[in-house]
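In what follows, a single structure is set out as structure tokens and then discussed.
Here, each number is a calculation from the coordinates, and none is a lab measurement. This structure is a prediction, so every number in the text was calculated from the model and none was measured. Here Cβ is always computed from backbone atoms with ideal geometry, including for glycine, and neighbour counts include all displayed protein chains.
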Amino acid sequence: MTESQRPSGEYPMYPSYGNGEAAYPPPPSYQPAQPVFPDPVGPASEPPAARRRVRRPVALLAAVAIAAAIVGGGTATVIGRLTDDPATTAAGSGVVPGTTVSQSDKGTVAGVAKALSPTIVEIGATSTAGQSTGSGVVITSDGEIVTNNHVIADASQIKVTLSTGKTYTADVVGTDPDKDLALIKLQGASGLKTATLGDSSQVAVGDEVVAIGSPEGLTGTVTSGIVSALDRDVTVAKEGDNGRSQEQQGGGRQWPFEFGGQQFNGDTGESTTTYKAIQTDASLNPGNSGGALINMNGEIIGINSAMYSASSASGQGSSAAGSVGLGFAIPVNTLKADLDTLRAGNGS
């Protein structure tokens, strides 16, 4: 190994640039004292450059953390929005969202009536047999309304009155006589309150319920009761004219049906259909057909379709006809399963 020998105190020459002289002076023979910088985080003797070198990664990590938090928050927001999406919620719980009962009013008849009454309408159908009155449930903000097939069957004109008193003309979209369901659509409607379609598989005997409809043309009439029984085999007429003759406005007689081999409220005729119904003791009267049976959370659990009238069955005349606590509703899950068919304009 070759070593360079030089006398003590002698320093090497620095390279010259242009003038042949050293560009920089020789370093001093001692180490200059380093200034002390007080630092609450790092050592007190750390110079600014060193501190900057140490802090730069920390600052970078902090920036990355903040960015991650922002991205994470955005992701959470997106997930939250997806959770609130009606289709997502419906798929997860079987409930199609709409108008809800406020937390303070939940579980009360008054709260359910206040929240859901704007979503229930009165339907007037005109045909060669006369004029009938029924009810319906608004399920879309642009005016899709569910009702019974027997309310609008063979109608030449349909008028719908909202709870506000505003009137619309409606067109028939689809009917399903086998399930006694129909879908109509208001002309030129928008911004309507919609009902929440619940899950009738969760209904139990003894549950409190509220019925809203337009009996005898009295729009927005509210009654309450309980679920008396489930899965009742109710048979009703499929022909529109027969039903309308039984439910003409002011006529007093209700849509005929069969149960347990007996006929009630008149002759159902030869063309009939049978469905599983929810039985309720909530008071139903002529005009309630197509209206809503609602649980105490404000969710539609059934579409009211038939009621037993003791006076009409005994032949005492129509003036005394009324509810005796035997009403039947089509389960809302039957409706939800049939909606695509109704929207396509088809029936079974």
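Overall, the ratio between the Cα radius of gyration of segment 94-238 and 2.2 N^0.38 Å, rounded to two decimals, is 1.06.
Measuring r between the beta carbons of Asp171 and Asp231 and using R0 = 35 Å, the FRET efficiency lands at 0.55.
With K and R counted +1 and D and E -1, the other residues having a Cβ less than 15 Å from that of Ile300 yield a net charge of -4. Among residues other than Thr280 whose Cβ falls under 12 Å from its Cβ, what is the net charge (Lys/Arg +1, Asp/Glu -1)? Neighbour charge sum, excluding Thr280 itself: -2. Exceeding 26 Å between C-alpha atoms, which entries from my cross-link table qualify? They are Lys159/Lys238; Lys276/Lys336; Lys106/Lys166; Lys238/Lys276; Lys114/Lys179; Lys114/Lys238. Those over the limit are Lys106/Lys166; Lys114/Lys179; Lys114/Lys238.
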